[in-house]
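The values are calculated or read from the model by the stated rules, or taken from the named source; none is laboratory data. Small disclaimer: the values here were computed from a predicted structure and weren't measured. A quick note on method: Cβ atoms are made from the backbone with ideal geometry, for glycine too, and the neighbour counts reach across all protein chains shown. Heavy atoms of the whole protein, side chains included, go into the accessibility calculation; ligands, DNA and RNA do not. Shrake-Rupley method; radii C 1.70, N 1.55, O 1.52, S 1.80 Å.
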Amino acid sequence: HAHTPAKLTWGGLMRGPKPQPTAAKRLRGNPGKRKLNHAEPAFETSIPDAPAHLDDVALMEWTRLTQELASKNVITNVDMTILALYCETYSEWVEIDELIKNQDVIKKYPTGAEYVNLLRGQRRAARQEIAKYCAELGITPSSRSRVKAIGKTANQQDPHKKKKKKLF
């Protein structure tokens, strides 16, 4: 039978998908019913300072995303690097997208041979990186769908709140 490809880790080889954080497992109700890591480090919820090197577009995305993550209590100071990488890549994607708008899809070498505009490949690579960072940060629809909210969600009503009687 087929084996899951091995991944290199600090401690050697690890098989299977990346382990999920214990907090995420708890939020999901520990669907695998495996033993939880009670010694996993926990970090205080806080918004890290934006790195000084972020450009204007990256800084706007940083502010937007960190505020949203903070409102859900899912951001800490140790998330700074992955957030910065996401925001930098987002800014690159926006810049490349703007450049492509004014250029042809097919370009020609001086010899007359045609090729696809190289910015398209760069834009595709930026999109793939963004998707990877979003999944890592838990901000894609599929990664969010695996998390169960604690307390009342937008789709639930307060069971203690009295229902209004309909007159008609």
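In the assembled protein chains, LYS132 presents an accessible area of approximately 120 Å² (probe radius 1.4 Å).
Charges were assigned to the Cβ only: +1 to each Lys and Arg, -1 to each Asp and Glu. The resulting dipole of segment 70-127 about its Cα centre is roughly 220 debye. For THR63, the solvent-accessible surface with a 1.4 Å probe is about 70 Å², rounded to the nearest 10. The listed residues TYR133, TYR115, once ranked by accessible area (1.4 Å probe) with the largest placed first, stand as TYR115, TYR133. Positive-end ranking of ASN73, ALA84, VAL94 along the dipole of segment 70-147, with charges on Cβ about the Cα centre, is headed by ASN73.
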